[in-house]
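To start, the structure under review is shown below, and the notes come after it.
What follows draws every value from the coordinates through simple rules; no lab data is involved. These figures come from a predicted structure and were not determined experimentally. When we count neighbours, we look across all protein chains shown, and the Cβ atoms used for this are built from the backbone with ideal geometry, even at glycine.
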Amino acid sequence: MAKLNFISRLITVLCYFLPVTFFYFGCNGLSSEIAYNKHDVFNIIIDSKQSVVAVSNDTSLKTTPISIADSLKQLPENAKDSIISEELRHDTTGKKDFLARVISPVNHSLSAIGVIVIYKTVFGKIVICASMVISLFLLFGIRLIRRNEKLIMGLSIINVACVLLFVIDSYSNKVDLLWGAWVLLCSVLISFIIQKFSFKKNQAMHSQ
C-alpha cells in the first residue's frame with residue numbers, strides 16, 4: 001500500500017500541470033481583454049470589430065498619427081503584463097517556452113500553476129495554491145508526520161475540499177473548466193480513498 005500511496009500522490013502533483021481552465025487573451029483597440037469562457041471571447045471579437053470601424057471613421061486620427069510604440073506606452077501596467085504573458089506563450093525559444101507551457105499547457109488554457117499566477121478571483125488562486133502546497137507536502141514531507149494518521153487524513157480532506165471549492169468558485173464566476181480540473185479532482189479523491197484504506201489495513205494488522 002505504501003507504493004500505491006506514493007504513486008497516487010505523485011499523479012496528483014502531476015495533475016497541477018494539466019489544463020484546468022479556459023483562458024483567452026485578446027485586444028480591443030488599445031485595451032487588452034481577458035476571457036475565461038468562450039462566450040466572453042465572442043464578445044471581445046465583436047467589440048474589436050466595432051473598434052476597428054470606429055477608428056476607420058475617425059478622420060482626426062489622420063492628422064495625429066500614433067506609433068505602435070507610443071500606443072503601448074500608454075497602456076496600463078496590467079495590460080502590459082498581459083501582453084508580455086501572451087508573448088511568452090507564443091515564444092518558442094528555450095526557457096521562455098517551457099515557462100509559458102507550465103502556465104498554459106495547451107492553447108487557450110491555464111494549468112493549476114497558471115491559475116495561481118493569472119486567475120479571475122483571488123479566492124480561486126488561494127484554494128488551488130493551498131491544494132498544491134498540501135499535495136507537495138503529502139508527497140515529499142509525509143515522513144515527518146507518517147505516524148500521525150489524523151493529521152494526514154485531515155490534510156487529505158482539506159485538499160479535496162480546496163479542489164471542490166475551486167470548482168464551485170469557477171462555476172459561480174462563469175469560468176469554463178477543462179478536463180484537467182476533473183482529473184485533478186478525481187486524483188485527490190482517489191488519493192484520499194487509498195490513504196484511508198491503507199490506515200484501515202494497518203489498524204487491522206496491529207489488532208491481530
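Scoring 3-14, 100-111 by mean Cβ neighbours within 10 Å over their residues and listing the highest first yields 100-111, 3-14.
Taking 24 Å as the limit for the C-alpha separation, the pairs K125/K174; K125/K150; K38/K120; K120/K196; K3/K125; K125/K196 exceed it in the case of K125/K150; K120/K196; K3/K125; K125/K196. Placing dummy labels 7 Å off each Cα toward the beta-carbon, the span from F98 to F123 is 3.7 nm.
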